[in-house]
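What follows is one structure encoded as structure tokens, with my remarks underneath.
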Amino acid sequence: MRATYHVGVEQTLGFAARRLRENSAGILPVVYEATLRGVVTERSLALALGQGHSESDGIEAAFVAEPPVVKQYETGAEALRMFDRMNAGALVVVDDDYRVVGVLRASDLYDPPTLANRPALIGGMATPFGVYLTTGTLSAGPGGLALVATGALLMGMLSVISIGCYYLLDWLLTMQMPELLANTIASLLQFVLFALGFRLLPISGTHAAEHMVVHTIERGEELTPQIVRRMPRVHPRCGTNLAVGASIYTSIALNPVPIDLEFKLLIALVATLLLWRRVGALVQYWITTKPPTDRQIEKGIQSGKALLDKYNQSKRIHAGFAIRLWNSGIFHVMAGAFLVAGILMAISAFTPIEIPI
């Protein structure tokens, strides 16, 4: 199977002809709302041209409504039978929802491509037990409990640091230090300790391995340690960027500087839009990732290969918003964080120990 272009039912013959040349498969899927509706072939395009249709005419002039298809999980023998039955030189590969996955030519069965078909975008998370990856529909790597452990680990570290800084602030105030200065010292120390702690934890290396494996897959490279190691640790879709953006916005919007509120919110919005990716990339590089170990890269590659295997055997490559949100892992991480917060609240409520939450 190989990747393919596709065109919409509303497009023109001229556009379809250009895409057909670029596709180099002799067949071009035609879709409506991401679902296969037919194909354009070299033969159907020639017939349309012979009937006097111009490049500005609609694609329906060369539309073949019963395309030769094969499901992506079917065998080569089943594909051969379809080649014979449809007398076709290429097949459109689809999932059970008739979403286009790729195309298959007879020559591909003799000399299969080295790289399997792969999703355009992949998400992931670092866990204490390895790299979790997802297409939104499918996932691979450590399961839900590992994601819960990620939330618990980060919340636990943040809580310990916050408690220590809370008591430091209380001590500074008892030493008659001005409140603004004391709060500034405690807040800065809290950030520095959390950043240092994250960088020192093994999960920062796993986080880097996750990014590097995702880069490798999305760029169409082979998943080998040599290639993965060449990939950058920073990824533009990392959740770190979102956290940095939220921090920039709130720090400006909630700043006590006495200026007009609407103007302050406008400054916060502009600063966030200009800086969130740049600052986020720096935070990723220096705080939330570090050069991964060979073991971390190996486990990331295992997750990547497992995800690609599932993707190429899946009966569906697209899922609804709710499933995609669930597979993102955000709810699992939040559950881990809430679990730690609940334990600390219980300790504070039922023991003499005072724990600020």
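The values are calculated or read from the model by the stated rules, or taken from the named source; none is laboratory data. None of these values were measured; they are calculated from a predicted model. Counting neighbours? That spans all protein chains shown, and the Cβs are built from the backbone with ideal geometry, glycine included. Quick note on the areas: whole protein, heavy atoms, side chains included, nothing else; ligands and nucleic acids left out. Shrake-Rupley method; radii C 1.70, N 1.55, O 1.52, S 1.80 Å.
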Taking a probe of 1.4 angstrom, what is the accessible area of Leu265 in Å², to the nearest 10?
60 Å²
Give, in nm to one decimal, the length gained when the segment between Glu354 and Asp309 is fully stretched (0.36 nm per residue of separation minus the Cα-Cα distance).
11.1 nm
Tell me the label-point distance for the pair Leu109, Glu55, using the 7 Å Cα-to-Cβ offset, in nm and rounded to one decimal.
3.6 nm
Give me the percent of DSSP beta bridges within the chain that run antiparallel, rounded to the nearest 5.
80 percent
Ignoring GluC sites (Glu not before Pro) that are buried or in helix or strand per DSSP, and keeping those with at most 13 other beta carbon atoms within 10 Å, what is the longest stretch of the chain between them?
56-221
In nm, to one decimal, how far is the modelled label at Leu189 from the one at Ser251, with both set 7 Å along Cα→Cβ?
1.9 nm
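Could you look at the chain and say what percent of its accessible area is carbon and sulfur, using a 1.4 Å probe and all protein chains? Provide the component values of the computation, followed by the final result.
On the way: 12570 of 19650 Å².
Answer for the chain: carbon and sulfur cover 64 percent of the accessible area.
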Hydrodynamic radius (Kirkwood) for segment 57-123, which is based on Cα pairs only, to one decimal in Å:
13.3 Å
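Give me the extension gain from Ala322 to Glu218: residue separation times 0.36 nm, minus the current Cα-Cα distance, reported in nm with one decimal. If you can, show how the numbers build up before the last one.
Numbers: separation 104, 0.36 × 104 = 37.44 nm, distance 2.36 nm.
Full extension of this stretch gives 35.1 nm more.
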Stokes-Einstein diffusion coefficient for segment 117-270 at 37 °C in a medium of 0.692 mPa s, Rh from the Kirkwood formula over Cα pairs: what value in µm²/s?
178 µm²/s
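Can you tell me how segment 1-41 classifies by the Cα gyration tensor, rounded, prolate or oblate, using a/c under 1.5 as the rounded cut? Provide the component values of the computation, followed by the final result.
Working: a/c = 2.01, a/b = 1.15, b/c = 1.75.
Oblate, since a/c reaches 1.5 and b/c is not below a/b.
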In nanometres, what is the gap between the two model label sites at Tyr167 and Asn87, each 7 Å from Cα along Cα-to-Cβ?
8.5 nm
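Between Glu33 and Lys264, what is 0.36 nm times their sequence separation minus the Cα-Cα distance? Round to one decimal in nm. Walk me through the intermediate numbers first.
Details: separation 231, 0.36 × 231 = 83.16 nm, distance 4.19 nm.
Additional length available on full extension: 79.0 nm.
Could you calculate the FRET efficiency of Ala77 with Asp97 from 1/(1 + (r/R0)^6), where r is the beta carbon distance between them and R0 is 22 Å, rounded to 0.05? If you can, show how the numbers build up before the last one.
Details: r = 24 Å, r/R0 = 1.08.
Efficiency, from the Cβ-Cβ distance: 0.40.
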When the C-alpha atoms of segment 29-85 are aligned to their principal axes, what extent does each axis show, in angstrom, from largest down?
40, 27, 12
Computed on Cα atoms, the radius of gyration and Dmax of segment 240-323 in angstrom are 20.0, 60
Given the options Thr127, Thr184, Thr288, which has the most mean-square fluctuation in a GNM of the chain, springs set between C-alpha atoms less than 10 angstrom apart?
Thr184
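When a/c is below 1.5 the answer is rounded, else prolate if a/b is larger than b/c, else oblate, so apply that to segment 1-100 with a ≥ b ≥ c taken from the square roots of the Cα gyration tensor eigenvalues. All intermediate terms of the calculation are to be shown ahead of the outcome.
Values: a/c = 2.16, a/b = 1.63, b/c = 1.32.
Cα axes put segment 1-100 in the prolate bin.
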Could you state the accessible area per residue of segment 104-251 in Å², with a 1.4 Å probe and every protein chain left in place?
50 Å²
For segment 143-234, what number results from the quotient of the Cα radius of gyration and 2.2 N^0.38 Å?
1.57
Which lysines does Lys299 reach when only Cα atoms under 28 Å apart count, and residues fewer than 8 places away in its own chain are ignored?
Lys290, Lys310, Lys315
Enumerate the calculated ³J(HN,Hα) couplings along segment 158-175 in order (Karplus 6.51 cos²θ - 1.76 cosθ + 1.60, θ = phi - 60°), each rounded to whole Hz, writing x wherever the residue is Gly or Pro.
4, 5, 4, 5, 5, 5, x, 5, 5, 6, 5, 4, 4, 5, 4, 5, 5, 8
Segment 85-164: Rg/Rh from Cα coordinates, Kirkwood Rh?
1.27
